[in-house]
Amino acid sequence: MHTIERVTEGFSLGEGPHWDASTQSLYFVDVFGQSIVKYAPTTKKVTKASVAPKTASFIIPVEGAKDQFVISLNNELVIILWDGESDSAKIVEKLASVDNKFNDAKCDSTGRLWAGGHTLNESDFMNSGPLGHLFSLDSNKQLKKCLDKIRVANGLAFNDKVKKMYYIDSLAGTVDWFDFDVNSGTISNRQVLFTLKKHNVTGIADGMTIDTDGNLWVAVFGGNRVLKIDGNKSETLLDTINMPAEQVTSVAFGGRNLDELFVTTGRFETDEKKLPAPVNGATYRVTGTGAKGLPGVSFKLN
């Protein structure tokens with residue numbers, strides 16, 4: 001039986017949750033709020049720092065570098081210094097810039113960063129063109145374009161045991177998987193793992209994470225839910241968590257035992273629909289899933 005608890009206020013667009021075991025805290029971003037956020041469950045304290053006038057879509061700690069993180073700033077990847085308490089962060093180094101605006105990102109088990117982009121048609125989101133790319137950035141700061149013709153790059157997950165990378169292009173309506181060589185950082189043989197329409201799932205697939213059994217937990221934006229799907233067997237829906245918020249954006253396992261599922265949400269409003277805080281845009285903690293996640297991987301630099 002799932003228990004769902006709201007743990008933060010309603011942000012405008014919470015995204016990119018990352019559980020940091022060393023500080024026992026959850027880092028994420030508020031995209032439209034142009035800020036990076038830290039939530040400490042033991043104290044229930046929420047702190048945030050502005051990155052305006054730009055926007056950040058993810059925040060991941062840098063391995064072995066205290067208070068340093070890799071984040072996106074529009075079309076750039078940068079290292080910032082942030083103590084997790086003050087309301088501003090300092091750019092330490094610019095790593096790369098591309099012709100896309102960055103969206104979701106994760107590190108594989110070697111600490112290599114994978115970051116996807118988009119070129120959104122902001123007036124007509126669903127008709128955004130396939131002009132985005134998926135990039136990787138290794139510890140030597142070498143940026144590589146790994147995939148093109150992306151509309152909105154989103155969820156990423158890795159399973160070294162079965163040598164797979166999982167990936168979501170939100171407007172494709174599917175969760176895809178690739179053969180993945182973690183040593184060389186190459187992907188191949190793209191196939192569809194799960195199709196939302198085949199399971200009558202409304203909304204679009206957004207962020208995702210993986211558990212120790214190799215199952216994927218997928219946030220459904222506009223669908224009020226998180227899906228648990230089989231990461232080894234195509235078109236297999238294992239469970240559904242119905243969420244209070246409509247715009248479910250991403251998920252990450254955290255807590256001391258990595259058995260708590262943190263869920264970020266948004267409240268992107270249109271003229272036709274208002275999504276009031278604090279229910280919409282809040283961060284939630286889901287317990288009782290019976291699953292455990294893998295430790296969040298920090299970005300590794302030489």
query = Looking at the chain, which longest stretch skips every one of the GluC sites (Glu not before Pro) that is in a DSSP loop with at most 10 other Cβ atoms within 10 Å, leaving the sites themselves out?
reply = 123-271
ask   = For region 85-150, what does the alpha-carbon gyration tensor say about shape, rounded, prolate or oblate, given a ≥ b ≥ c as the root eigenvalues, a/c under 1.5 as rounded, and a/b over b/c as prolate?
value = oblate
ask   = For region 141-196, rounded, prolate or oblate, judged on the Cα gyration tensor with a ≥ b ≥ c (square roots of eigenvalues), a/c < 1.5 rounded, else prolate if a/b > b/c?
value = oblate
remark   = Once the dipole of the chain is set up from charges on Cβ (+1 Lys and Arg, -1 Asp and Glu), the residue from the list GLY254, VAL162, THR265 lying farthest towards its positive end is VAL162
ask   = Using θ = phi - 60° and the Karplus curve 6.51 cos²θ - 1.76 cosθ + 1.60, what whole-Hz ³J(HN,Hα) does each residue of region 175-185 get, with Gly and Pro shown as x?
value = 10, 10, 9, 10, 5, 9, 9, 5, 5, 8, x
ask   = For region 126-279, what D do you get in µm² per second when you plug the Kirkwood radius from alpha-carbon pairs into Stokes-Einstein at 4 °C and 1.567 mPa s?
value = 79
ask   = With +1 on each Lys and Arg Cβ and -1 on each Asp and Glu Cβ, how big is the dipole of region 154-242 about its Cα centre, in debye rounded to the nearest 20?
value = 180
Pairwise centroid distance, computed over Cα atoms, of region 163-199 with region 11-44, Å = 26
note = Matching label for the computed Cα Rg over 2.2 N^0.38 Å, out of (1) 0.90; (2) 1.07; (3) 2.67, is (1)
Listed residue pairs exceeding 31 Å between alpha carbons, taken from LYS161/LYS228; LYS101/LYS300; LYS48/LYS233 = LYS48/LYS233
query = Dipole size in debye (nearest 20) for the chain around its Cα centre, Lys and Arg Cβ +1, Asp and Glu Cβ -1?
reply = 240
message = How would region 255-296 be classified by its alpha-carbon gyration tensor: rounded, prolate or oblate, with rounded meaning a/c under 1.5 and the a/b versus b/c comparison settling the rest?
response = prolate
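Every read-out reported here was derived from the displayed coordinates using simple, explicitly stated rules and does not represent laboratory data. It should be emphasised that the depicted structure is a prediction, and the values quoted were computed from it without experimental measurement. Reconstructed Cβ throughout: ideal geometry from the backbone, glycine too, with neighbour counts over all protein chains shown.
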